């Protein structure tokens with residue numbers, strides 16, 4: 001089979017397509033024939049060698065994929081060869097024609113979802129669910145602001161919050177992005193590049209502020225977020241690319257919380273909750289991943305170049321596997 005391999009840390013050019021042996025499952029393991037791969041910013045960070053988690057070289061990147069079960073190991077009961085599945089986590093990496101997973105990392109993909117949509121679930125939708133509900137404590141009727149709502153995690157958060165009965169406002173950087181945010185169920189969409197957008201956001205709440213803010217770029221927006229919160233409001237930091245100075249007094253006057261999150265910290269029970277909710281949402285149609293850019297597996301380096309652009313993302317980037 002073919003797989004993307006990284007033999008040294010560095011820029012996108014270190015992603016090389018190579019021939020590697022086919023995979024065989026061990027006890028409790030599943031081999032998936034990959035049809036589509038989800039590309040996430042964290043994979044570009046890891047590739048540079050400067051991220052907190054540094055894999056042993058050489059390695060194949062990727063945690064998210066969708067495809068068909070090729071074979072299963074002893075003791076596997078949840079899936080069988082021929083099943084359509086999505087993978088949220090992998091033992092061997094997902095930028096490949098096959099991926100090896102633990103049984104717990106593989107979930108049935110409803111027939112009303114495409115493989116590209118399945119590849120968009122593992123990290124973006126699980127992150128959005130954890131941010132909104134497990135860390136953010138979002139509730140029906142609350143006002144939520146999703147900063148950067150047109151990307152993979154952002155569109156997922158809009159759909160999940162809308163389905164939960166929250167009042168949703170999303171920001172984006174282009175007219176096309178704002179249109180997409182509204183189409184996914186947001187009550188309001190605001191251009192975060194426009195002058196006076198903070199005042200516009202506060203006006204949408206009648207001056208009360210937001211109960212919950214999901215923040216994709218905390219190093220730019222966190223101080224502004226604190227000024228947009230309602231009393232007892234919460235900011236959940238999903239993404240960050242640097243440092244920022246904030247005034248803690250803005251948390252004091254509102255008794256506000258800043259809550260970090262990472263999907264890697266989710267417990268087994270929390271992951272079961274997440275994927276049960278995602279499976280139900282796919283089946284009943286309330287969740288419908290938006291696919292943006294599609295790039296062939298062989299051009300993974302181009303995908304990493306594209307995903308590190310700071311603005312303009314529309315939906316989820318995927319690698320396609322012939």
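No lab work stands behind these numbers, since they all come straight from the coordinates. The structure displayed is predicted, hence computed values, not measured ones. Here the Cβ positions follow ideal geometry from the backbone for every residue, glycine too, while neighbour counts run over all protein chains shown.
Modelled spin-label separation between residue 197 and residue 7, with each label point placed 7 Å from Cα along the Cα-to-Cβ direction: 4.3 nm.
Extension gain for residue 91 to residue 18 (0.36 nm times residue separation, less C-alpha to C-alpha distance): 24.5 nm. Going from the residue with the fewest nearby Cβ atoms within 10 Å to the one with the most, 162, 192 rank 162, 192.
With springs only between Cα atoms under 10 Å, which of 73, 62, 193 fluctuates most in a Gaussian network model of the chain? For the chain, modelled as a Gaussian network with Cα springs under 10 Å, the answer is 193. When both bridge partners sit in the chain, DSSP labels roughly 55% of those beta bridges antiparallel. Maximal additional length on extending the residue 286-residue 267 stretch stands at 4.3 nm, based on 0.36 nm per residue less the C-alpha distance. Build a GNM of the chain with springs between Cα atoms under 10 Å: which of 227, 118, 196 gets the top mean-square fluctuation? Highest fluctuation among the options: 196. Sort out for me the Cα centre separation of the stretch 149-222 from the stretch 68-109, rounded to whole Å. When both Cα centres are located, 35 Å separates them. Across every pair of different alpha-carbon atoms, what Kirkwood hydrodynamic radius in Å does the stretch 124-264 reach? 14.5 Å is the Kirkwood radius here. For the chain, calculate the relative contact order in percent as a whole number, restricting contacts to Cα pairs under 8 Å that are 6 or more residues apart. For the chain, the relative contact order is 19 percent.
Gain on full extension, evaluated as 0.36 nm per residue between residue 77 and residue 112 minus their Cα-Cα distance, stands at 10.3 nm. The P(r) of the stretch 163-234 has a tail past 15 Å containing 55 percent of all C-alpha pairs. Distance between the 7 Å Cα→Cβ label points at residue 240 and residue 179: 3.6 nm. The Rg/Rh ratio of the stretch 83-173, with both radii computed over alpha carbons and Rh defined as the Kirkwood radius, is 1.04.
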